[in-house]
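A short worksheet on the structure shown next.
The values are calculated or read from the model by the stated rules, or taken from the named source; none is laboratory data. Treat the numbers as computed from the prediction; the structure is a model and nothing was measured. Backbone-built Cβ (ideal geometry, glycine too); neighbour counts: all protein chains shown. For accessibility, only protein heavy atoms count, side chains too; no ligands or nucleic acids. Shrake-Rupley method; radii C 1.70, N 1.55, O 1.52, S 1.80 Å.
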Amino acid sequence: MSAGQARCLEQALVEGYRLLTEGIPSVQVVEAAIRILEASGLFNAGLGSNRQLDQVQRMDASIMDGRTLQGGAVASIERVMHPITAARLVMERTPHVLLAGTPATRFARYCRVERLPRQGPMRRRAGRQGETRATATLVKLYRDMAHSMRTKQARGKETVGAVALDVRGAVAAGASTGGVNVMLPGRVGDTPLIGCGVYADDESGAVSMTGLGESIIRVSAAKEIACLLEQGWTPVRAADVLLTRLVRRTGGSAGALVLSASGAFAIRHVTPRMAAGHWNGIGSPTVRDHFR
Ligand code: ASP
């Protein structure tokens with residue numbers, strides 16, 4: 001990881017820990033930490049989000065509160081600096097869990113979530129024939145690029161996520177992404193899907209996933225890890241078992257932040273690297289891109 005990314009991760013950990021010591025609930029701490037990473041432009045989330053094959057940034061995010069099992073998520077939202085805040089607002093201000101596409105963007109605007117600066121010229125509408133032609137071209141382009149997808153995924157900027165345990169014993173998890181490196185317009189990954197990209201339950205723990213969304217969805221990764229925690233497995237063992245199954249059954253790769261309700265913690269990945277860190281207030285934060 002770059003020195004800038006390492007500094008930014010450290011800043012998020014220090015700020016998150018400071019908020020926890022002030023008695024702020026874990027769900028707010030997770031949001032605050034992720035907002036720092038989204039605004040940096042150094043990760044694949046918020047300002048730094050990947051573009052889909054039509055050159056549009058469409059972002060996904062979700063957050064879950066382990067006290068209540070309440071969750072909020074947004075999928076395919078555009079020009080929003082903090083998708084994680086939009087997700088939290090879906091959780092707090094609506095009876096729903098997930099809002100998607102243009103209405104989700106409008107909801108974020110209505111709630112005055114900060115906008116991303118416009119990048120590049122305004123998109124022109126192509127008309128129905130033009131749109132069909134454009135879709136066919138994109139599907140072909142996608143096929144041509146797909147074979148290199150996994151390699152590129154390993155080398156690209158990374159999705160952001162966080163888990164936290166507060167002084168009252170409540171856990172929370174969140175994640176925010178601009179998706180994978182090569183993707184068709186409209187593609188949505190695991191990140192906004194509660195139970196796939198994130199899960200949090202005070203009776204088990206908190207989990208936030210990164211990696212190939214298509215694989216993470218197919219094994220319902222976050223909820224599966226949480227179930228293993230509930231059965232008394234350690235975070236390391238629970239993550240390793242699930243990641244091994246994900247590789248064996250889907251051929252994909254992923255990484256996980258796992259925090260048990262009792263405070264045991266692990267960062268595990270089967271991707272070549274995973275820029276991540278942790279801190280419990282002792283010494284200085286640990287930030288690395290290998291956790292084995
Ligand atoms: N899981 C994200 C997605 O598939 C990407 C990532 O974590 O790098 O959209």
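Summarised in one figure, the compactness ratio Rg/Rh of the stretch 176-236, Cα atoms and Kirkwood Rh, is 1.04. Net charge dipole, the chain: roughly 1360 debye, given to the nearest 20, about the Cα centre with Cβ charges of +1 for Lys and Arg and -1 for Asp and Glu. In sequence order, the stretch 268-278 has phi-based couplings of 9, 8, 10, 6, x, 8, 8, 6, 7, x, 8 Hz under the Karplus curve 6.51 cos²θ - 1.76 cosθ + 1.60, θ = phi - 60°, and Gly or Pro positions carry x. Our summary of shape: the Cα atoms of the stretch 213-292 have principal axis extents of 40, 29, 17 Å, ordered from largest down, in whole angstrom. With the convex hull of its Cα atoms as the shape, the stretch 164-279 has an orientation-averaged projected area of 7.0 nm².
Once the chain from His290 to Val241 is taken as fully extended at 0.36 nm per residue, the excess over their C-alpha distance is 15.8 nm. Carbon and sulfur together cover what percent of the accessible area of the chain at a 1.4 Å probe radius? It is 51 percent, rounded to a whole number.
For the stretch 245-289, the equivalent ellipsoid derived from the Cα gyration tensor has semi-axes of 25, 14, 4 Å, listed largest first. Between Gln28, Thr68, Gly197, the Cα set farthest toward the positive side of the dipole of the chain (charges on each charged residue's Cβ, about the Cα centre) is that of Gly197.
Extending 7 Å from Cα along the Cβ direction at Val167 and again at Gln55 yields two label points whose distance is 5.1 nm. Comparing Cα centroids, the stretch 23-43 and the stretch 240-278 end up 20 angstrom apart.
How big, on average over all directions, is the shadow cast by the Cα convex hull of the chain, in nm²?
Taking the Cα atoms of the chain, their convex hull projects to 14.8 nm² on average.
Site pair His96 and Ile24 shows an inter-label distance of 2.8 nm when each label is modelled 7 Å from Cα along Cα→Cβ. When you have a sec, figure out the Kirkwood radius of the stretch 1-130 from all distinct Cα pair distances and drop it here in Å to one decimal? Evaluated on the stretch 1-130, it is 15.7 Å.
Here's the picture: charge each Lys and Arg Cβ at +1 and each Asp and Glu Cβ at -1 in the chain, and of Trp279, Val171, Ala254 the one pushed furthest to the positive end of that dipole is Ala254.
Please compute the alpha carbon radius of gyration of the stretch 203-253, then divide it by the globular-protein estimate 2.2 N^0.38 Å. Two decimals is fine. Each step should come with its number before you reach the end.
Numbers: Rg = 10.3 Å, N = 51, 2.2 N^0.38 = 9.8 Å.
Output field value: 1.05.
An ellipsoid equivalent to the stretch 1-67, defined through the eigenvalues of its Cα gyration tensor, has semi-axes of 25, 17, 7 Å when rounded to whole angstrom and sorted largest first.
Only helical DSSP H runs with n ≥ 4 go in: add -39500 (n - 2.57) per run for the chain, normalise by residue count and round the 222 nm mean residue ellipticity to 500 deg cm²/dmol.
Details: 9 runs with 114 residues, N = 292.
Mean residue ellipticity, 222 nm, calculated: -12500 deg cm²/dmol.
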